[in-house]
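Structure first, then comments.
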Amino acid sequence: MIQVAVATGLRRGELVALQWEDVALENRSIHVRHRGDFRTKGNAERRVSIRGDAEEALVKMHEPCATGPVFTDRDDEPIRPGRVTTRFKDMARKAELDERIHFHSLRHTTGSWLSMRGVPMRHIQAILGHSDRNVTEKYSHLAPETLDRAMEETFGGGDCQR
């Protein structure tokens, strides 16, 4: 679930509600949609491409003619959102990550990585399913090296030209 989350930017609730019918491996996409009592944030359904780690994880998990929830617990029951949060926190502690790291931090990572690759903000907004560009901008934290590289590429090297 973590690999899919960070490589798609899907919200915890979207991942928990995800059904195999929503995963189109042949088209390399996920349809984020209303399902049962689950409603997408902003009430907007969307399509998200799956590539890299997300695609690899889903292909490994997929069984022919699979139906039902993509992510289940040990008893093949749908996984509960609270369980996702608890398990993620346990893993983060075990990895000695900062206490401020939460499952939702994976969405911030997705937005940041896309931004650092130069993906236009409106595309990041569509991928993350934000209705407001200002929200998307909060997700696109830039690493200092990215800012340094931008200045280097724009204004040149450190050969002390004046």
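Tell me which of H34, W20, V59 sits at the most positive position along the dipole axis of segment 1-80, charges placed on C-beta atoms (Lys, Arg +1; Asp, Glu -1). Final value for the positive-end residue is H34. From the residues G156, L10, M116, which one has its Cα farthest along the dipole of the chain in the positive direction, the dipole being from +1 and -1 charges on Cβ of Lys/Arg and Asp/Glu about the Cα centre? Positive-end residue among those listed: L10.
Label separation (K89 vs R74): 2.0 nm, computed from points 7 Å beyond Cα along the C-beta direction. Each of L25 and D98 was given a label point 7 Å from its Cα along the Cα-to-Cβ line. The distance between the two points is 3.7 nm. A cut-off of 5 Å between modelled amide H atoms, ignoring neighbours fewer than 5 places along the same chain, links Q19 with V70.
Assigning unit charges at the beta carbon (Lys, Arg +1; Asp, Glu -1) and nothing else, what dipole magnitude in debye, to the nearest 20, does the chain show about its Cα centre?
Details: 26 positive and 25 negative charges, 102 e Å.
Using Cβ point charges on Lys, Arg, Asp and Glu, the chain gives about 480 debye.
For segment 1-80, the relative contact order is 37 percent, taking Cα pairs closer than 8 Å that sit 6 or more residues apart in sequence and dividing their mean separation by the residue count. Cβ-to-Cβ counts within 10 Å put K138, K94 in ascending order as K94, K138, the fewest first. On the basis of the beta-carbon distance and an R0 of 30 Å, F155 and K41 show a calculated FRET efficiency of 0.15.
Within segment 25-70, report the GluC sites (Glu not before Pro) that DSSP leaves as loop and that have at most 14 other Cβ atoms within 10 Å.
On the way: sites: E26, E45, E55, E56; in loops: E26, E45.
The qualifying sites are E26, E45.
Taken about its Cα centre, segment 1-80 carries a charge dipole of about 480 debye when Lys and Arg each add +1 at the Cβ and Asp and Glu each add -1 at the Cβ.
Mean silhouette area of the chain, derived from the convex hull of its C-alpha atoms and averaged over all directions, reads 12.5 nm². Between C65 and R133, the contour length at 0.36 nm per residue exceeds the alpha carbon distance by 20.6 nm.
Read the figures in this text as sums done on the coordinates, not as results from a lab. Note that the coordinates shown come from a computational prediction; the quantities given were computed from them, not determined experimentally. Methodologically, a virtual Cβ is constructed for each residue, glycine included, from the backbone with ideal geometry; neighbour enumeration extends over all protein chains shown.
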